[in-house]
Amino acid sequence: MKTDLTDTTASKINKALVKARRAIGTPAVGMVLTLVIVTDEENAYDALKAAGDASREHPSRTLVVIKRVSRSPRDRTQSRLDAEVRVGADAGTGETVVLRLHGEVVDHAQSVVLPLLLPDAPVVVWWPVNAPLDPANDPLGALAQRRVTDTYACEQPVKELAARADAYTPGDTDLSWTRITPWRSMLAAALDQVACQVQGVEVEGEEFNPSCELLAMWLADRLDVPVRRTRSAGPGLTAVRMDTDCGPIVLDRADGSLATLAIQGQPKRAVALKRRDTAELIAEELRRLDPDDTYASALRYGVERLKQENGGGAPAKGERESGERVAVPAPVESVAKGPAAEATAEAPVKRAAAK
């Protein structure tokens, strides 16, 4: 069931929700959280579709906040709120309200959203694009327990990661971090199978992919070893090679779908490691609403290196004057290269025990 409201108020939207639930025979509210999506017209459809798919696992009230651009000074002084209320089959397993803000009300979106939040239920705010530099201090972000951004959608993703680290507040997370969950799980499981010390790591992927940077920072933070970041044509992350005193461990995914795990002394194994769509990523983030301390540690680990890399100036720790970049603690050369499977010879690196 779909209801269109023009030049309306939050009170009228709440009444429309109650009326729609009664009309379809479900007067009770069975949602577990409120998902607030802050986006623009261009990206609203994709974000709403992803949220609808995720609602099958997490029934929720979805509020889509679209801030419309006023074309004239007169329009900017006139406030108007248009809404589209969807309940039942049109809204997945929850309720959806699409809010279009015009004029001065654009700067006060929190006053529109606040009356529509589910009582005594957690709130998650998601910015598919154009996220604020400090999500926790954003008027809408301040209403939420969890704040989800996506640096992959930014023009300068790696520079955006540095800003995220500066403004990090418990409850912040990023879909670029969520994308590497299968990689982190697979690499941890591979290390559990061997009794070896990791001596060095190489992370290979697209040049401006923030997930590659986050994975490199996570490995450097957790293993306390040199990590070299190399470039490939993608898609996304393509390979991770860990040099150990028992031989190399290589996780190679050249096609974005099926990966090969090679451990010295063991047969190669095919591993399903497909690139996941946005609906799966959002569903994963909604499973936990507590702060992600591992993400915070990895994000903060590479802040200074990322700042120097993108902002210029004197080389930071872990960066050479020539512009080569690596993850601290040990500077090594960063070069463009092919698949990691080609690199089979061990490079002499300083030994360091894994944490």
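The values are calculated or read from the model by the stated rules, or taken from the named source; none is laboratory data. Note that the structure is a prediction, hence the values are computed from the model and not measured. Note that we place each Cβ from the backbone using ideal geometry, even for glycine, and neighbour counts take in every protein chain shown. In case anyone asks, the SASA skips ligands and DNA or RNA and just uses the protein heavy atoms, side chains included. Shrake-Rupley method; radii C 1.70, N 1.55, O 1.52, S 1.80 Å.
What to note about this one:
- Qualifying residues in segment 132-149 (those that are part of a loop (DSSP other than H, G, I, E, B) and in contact (Cβ under 8 Å) with a residue 60 or more places away in the chain) - the one surrounded by the fewest Cβ atoms within 10 Å (Cβ to Cβ): 145
- On the stretch given as segment 154-194, residues that are under 30 Å from residue 269 (Cβ atoms), part of a helix (DSSP H, G or I), in contact (Cβ under 8 Å) with a residue 40 or more places away in the chain and not hydrophobic (A, V, I, L, M, F, W, C) total 3.
- Residue 237 being out of contact with any Cys (no Cβ under 9 Å at 6 or more places or on another chain) and buried (at least 16 other Cβ atoms within 10 Å of the Cβ): no
- Single unsatisfied condition, residue 79 versus (1) surrounded by 23 or more Cβ atoms within 10 Å (Cβ to Cβ); (2) closer than 16 Å to residue 12 by Cβ; (3) at pLDDT below 90; (4) not aromatic (Phe, Trp, Tyr): (1)
- Residue tally, condition open to solvent by 90 Å² or more (accessible area, probe 1.4 Å) and farther than 13 Å from residue 180 by Cβ, over segment 273-287: 2
- Boolean, residue 243 is among the charged types (D, E, K, R), within 24 Å of residue 265 (Cα to Cα) and either assigned to a loop (DSSP other than H, G, I, E, B) or touching a residue at least 40 places away in the same chain (Cβ under 8 Å) (or both): yes
- Among (1) modelled with pLDDT under 90; (2) open to solvent by 10 Å² or more (accessible area, probe 1.4 Å) - the single one residue 95 does not satisfy: (2)
- Within segment 156-182, being out of contact with any Pro (no Cβ under 8 Å at 6 or more places or on another chain) and closer than 20 Å to residue 277 by Cα holds for 173, 175, 177, 178, 179, 180, 181, 182.
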